[in-house]
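Structure, as structure tokens:
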Amino acid sequence: MWLLIISIIGVAIALLCFSTIEFEIKIFVNNAENYLFISMRWLKGLVTLRYNMSLGVDSKKRWRLLIRKTDNAAARETPLQKVAESIKRWASSAKGLKAVILYILSVVRIPYIQLHMSIGLYDAAVTALLTGSIQSLIYILFSYAKTRTMIGDADINIKPNYAGNNITVHGDGIIRLRLGHIIIASIKALKIIIMDKIKAVIKNGRTASYTRHNAYHHGEY
């Protein structure tokens, strides 16, 4: 009886690990109007989370990031400066987690991605220069991503708009990742973090020991 229960639990855990988590990301920008919509679906939509993020200014003209959960009227505002500081800290931590990031990129599946951008500024020469620069950057990033990640259908169109004076962006994409891969990546990351902590403790211990040793020989003890 116990063997049957353990077997059922084992099969259930295995099925969960092989289950897919799907992220859908939509981006819309039209000058000051903007939003980033993120939807997460797991177990064929049985578990769903939806968030809507946008940039705006408060009464003191300070930039803020507004985060809303679409099934909840409550919204959370964060100063853009704090967002930039958080990104900077994350980027600093990500340097030590390069192997984990590369692992995630190798197992991620992107069946569909779309990016349409129209760029129009006050000057035709500036418009052409900016459009060409963004085209080059996007295509370089996309080419690199294709070497690391399996990408399906891609629709990328970046064009100048010499008749207008606005910038519009329409982006849409789907990212799929198995729960088991997330668990493996979390274990890898935890292992790296623990090893870094241990190395830091050992290094600090050696530094303290060296300081005491020098102080002893200089008659400070």
With charges set only on the Cβ (+1 for Lys and Arg, -1 for Asp and Glu), what does the dipole of the stretch 15-196 come to about its Cα centre, in debye to the nearest 20? 680 debye
Point-charge dipole on Cβ atoms (K/R +1, D/E -1) for the stretch 85-192, about Cα centre, debye to 20: 760 debye
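Taking a threshold of 29 Å on the Cα-Cα distance, which of the pairs Lys88/Lys146; Lys88/Lys197; Lys69/Lys197; Lys44/Lys159 fall above it?
Flagged as over cut-off: Lys69/Lys197; Lys44/Lys159.
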Gyration tensor (alpha-carbon) shape descriptor, the stretch 15-196, a/c threshold 1.5: prolate
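Go ahead and run the numbers for FRET between Leu190 and Ser19, Cβ-Cβ distance against an R0 of 30 Å, rounding to 0.05. If you can, show how the numbers build up before the last one.
Values: r = 21 Å, r/R0 = 0.72.
Using R0 = 30 Å, I get an efficiency of 0.90.
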Calculated FRET efficiency for the pair Thr168/Thr48, C-beta based, R₀ 35 Å, to 0.05: 0.75
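Any read-out appearing in this document is the output of simple, stated calculations on the displayed coordinates, not a laboratory observation. Only a predicted model underlies this, so the values are computations on that prediction, with no experimental measurement involved. Neighbour counts are summed over all protein chains in view; Cβ atoms, including those assigned to glycine, are modelled from backbone coordinates with ideal geometry.
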